[in-house]
Amino acid sequence: MTTTSKTIGVGLISVGWMGKLHARAYSSVPYVYPELGLNTRLVIAADTEPSRIEFARDVLGFEQGTADYREVLAHPDVDVVSICAPNFLHAEIGIAAAKAGKHFWIEKPVGRGADETNAVRDAATAAGVVTSIGYNYRHAPSVEHARRLVTEGRLGRITNVRAVFFSGYASEPNGALSWRFDRKLAGTGVLADLFSHAADLCQYVVGPISEITALTNTVYTQRPKVPMGTGTHFAVIEGGEMGNVENEDYAAALVRFGSSAAGAGAVGTVEASRVAVGPECGYQIEVYGTEGSLKWDFERMNELKVCLGRNNDEQGYTTVNASPKYGDYSRFQPGPGNSMGFDDLKVIEAKKFLVAVAGGEQLNSNIHDAASAAAIVTAAESSADSGLWQKIEELHGTTAARA
Ligand SMILES: NC(=O)c1ccc[n+]([C@@H]2O[C@H](COP(=O)([O-])OP(=O)(O)OC[C@H]3O[C@@H](n4cnc5c(N)ncnc54)[C@H](O)[C@@H]3O)[C@@H](O)[C@H]2O)c1
């Protein structure tokens, strides 16, 4: 990576939860990674909600604001674009960004299923732009360590994997009917929202999933309506007008890993819920092998439970603290025990994206990883409809694949 200073112009599309986080992450890169010489300039932000345009200008520090995302893509000073809009706009904006020659960092899920995601992939590939996907959990130092233990064979032959993403954001029956519950605006429900993260993490830590069978369930079929651009998907509305929930709250799947996986021949389960009472962001992966196992839970993201060897005097799990030895931890905290948080993962993601844009190695997930996760989600949806196992073609060009 060059140490020559370079200023990268940033455009932002949508100033919701993720949009604000992307903006802060870009601004953090120069002081978390000063040796990269990468400066960022927040050029223009778009949102259809006027108060969010104001926030982007007055608080986040963007030079300009607009209600039309096309102005972001047409701006000559914009080198990279963050696409943080609701899911139904991802394909339209992703394809337009590629055609405008802008590198883009897009939130998951990229489109409402495999067809839309593949269309974005084809446009990005044709335009030769750098892409980056919001699979932020990959960057947790404990996850990086888990991947290394699997890759180095420290767990022996991987036999089975258990991934769970249980959130409570919609566990309240009067939780707002945000765009996430509308099939036209979101596509699938928890499959696109949380299951896709879990699928990506399985593929990042263990390798490609090759077959799936799934079932889904909707627990609350009506919720109070909320206007776009107000509140969050955690909002609760008492006595509001009700509307229909059009996608699933819960999904469970059995999976098989493909022959090119570090865990070739392994099997596993993947589950996701947005209505769990108890876990708030209970995002866990457990990997079991013939010589050991590991467990990670995002709610304790700075810890990894590891058991190596069958016949030790001290059997059971050791809790290993994230430390400067793992991933990018040292950039945030000088020693183990000083925890990192969710927002830090977005700073790492921004760094990886900007390094690739500046001509360095592509280390973050890319549009091929998004297409791969979308293929799994679409196969899970088909299986839930038909009750049959679905095969998943292994896609090339992902960064989840081992070098
Ligand atoms: N990586 C993660 O962990 C993670 C976490 C949360 C959300 N996400 C993803 O990020 C995306 C955004 O989610 P969020 O929680 O930030 O949503 P949000 O509801 O907080 O924000 C969405 C924003 O989009 C704006 N918007 C709507 N139509 C628009 C248009 N035509 N042009 C410009 N802006 C428009 C809304 O006004 C709102 O400000 C989703 O795809 C979601 O799946 C990812």
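The values are calculated or read from the model by the stated rules, or taken from the named source; none is laboratory data. Please read these numbers as outputs of a predicted model, since none were measured by experiment. When we count neighbours, we look across all protein chains shown, and the Cβ atoms used for this are built from the backbone with ideal geometry, even at glycine.
Report, by residue number, each residue of the range 75-91 that is part of a helix (DSSP H, G or I) and near the ligand (Cβ under 9 Å from one of its atoms).
Asn87, Phe88, Leu89, His90
Going residue by residue through the range 131-151, is there one that turns out to be hydroxyl-bearing (Ser, Thr, Tyr), surrounded by fewer than 24 Cβ atoms within 10 Å (Cβ to Cβ) and not in a loop (DSSP other than H, G, I, E, B)?
yes
Answer yes if at least one residue in the range 153-165 is of a type in the set (Phe, Trp, Tyr), closer than 30 Å to Glu303 by Cα and in contact with a Phe, Trp or Tyr (Cβ under 9 Å, 6 or more places away or on another chain), and no otherwise.
Within the range 153-165, one or more residues are of a type in the set (Phe, Trp, Tyr), closer than 30 Å to Glu303 by Cα and in contact with a Phe, Trp or Tyr (Cβ under 9 Å, 6 or more places away or on another chain).
Looking at the structure I just gave you, is Phe332 within 23 Å of Lys6 (Cα to Cα) and either touching an Asp or Glu at 6+ places or on another chain (Cβ under 8 Å) or β-branched (Val, Ile, Thr) (or both)?
Yes: the conditions hold for Phe332.
Is it the case that some residue within the range 339-346 is surrounded by 13 or more Cβ atoms within 10 Å (Cβ to Cβ) and closer than 28 Å to Ile158 by Cα?
yes
Filter the range 246-256 down to the residues that are in a loop (DSSP other than H, G, I, E, B) and of a type outside the set (Asp, Glu) and list them by number.
Answer for the range 246-256, where residues must be in a loop (DSSP other than H, G, I, E, B) and of a type outside the set (Asp, Glu): just Asn247.
So the check is Cβ under 7 Å with 6+ separation or different chains; which pairs have a first residue in the range 59-88 that's charged (D, E, K, R) and a second one that's within 9 Å of the ligand (Cβ to nearest atom) and not in a helix (DSSP H, G or I)?
Short answer, once both residue conditions are applied: Asp68/Ala46; Glu71/Ala46.
Given Ala253, Ala261, Ala214, which one is away from the ligand (no atom under 16 Å from the Cβ), at pLDDT below 95, in the same structural domain as Val164 (by TED's automatic domain parsing) and buried (at least 24 other Cβ atoms within 10 Å of the Cβ)?
The conditions single out Ala261.
Residues that are assigned by TED's automatic domain parsing to the domain that holds Tyr250 and farther than 28 Å from Ala253 by Cα: find the strands (runs of 3 or more DSSP E) completely inside the range 272-377 holding 2 or more of those.
318-321
So which of Tyr169, Tyr137 ends up being within 26 Å of Phe234 (Cβ to Cβ) and at pLDDT 95 or above?
Tyr137
Would you tally the residues in the range 2-53 being over 24 Å from the mean Cα position of the chain (by Cα), assigned to a helix (DSSP H, G or I) and within 12 Å of the ligand (Cβ to nearest atom)?
Selection size over the range 2-53: 3.
Kindly indicate the residue of the range 92-109 that is within 10 Å of the ligand (Cβ to nearest atom) and outside any helix (DSSP H, G or I) and also nearest to Leu191 (Cα to Cα) among those meeting that condition.
By that ranking, first place goes to Pro109.
Taking Val72, is it crowded, with 24+ Cβ neighbours inside 10 Å, more than 30 Å from Ala262 (Cα to Cα), aliphatic (A, V, I, L, M) and within 14 Å of the ligand (Cβ to nearest atom)?
yes
Within the range 83-99, does at least one residue satisfy the condition of being farther than 19 Å from Val206 by Cβ, charged (D, E, K, R) and more than 15 Å from the chain's Cα centre (by Cα)?
Looking through the range 83-99, at least one residue is farther than 19 Å from Val206 by Cβ, charged (D, E, K, R) and more than 15 Å from the chain's Cα centre (by Cα).
Given (1) in contact with an Asp or Glu (Cβ under 9 Å, 6 or more places away or on another chain); (2) at pLDDT below 95; (3) part of a loop (DSSP other than H, G, I, E, B); (4) not acidic (Asp, Glu), where does Arg112 come up short, assuming only one miss?
Arg112 satisfies all of (1) in contact with an Asp or Glu (Cβ under 9 Å, 6 or more places away or on another chain); (2) at pLDDT below 95; (3) part of a loop (DSSP other than H, G, I, E, B); (4) not acidic (Asp, Glu) except (1).
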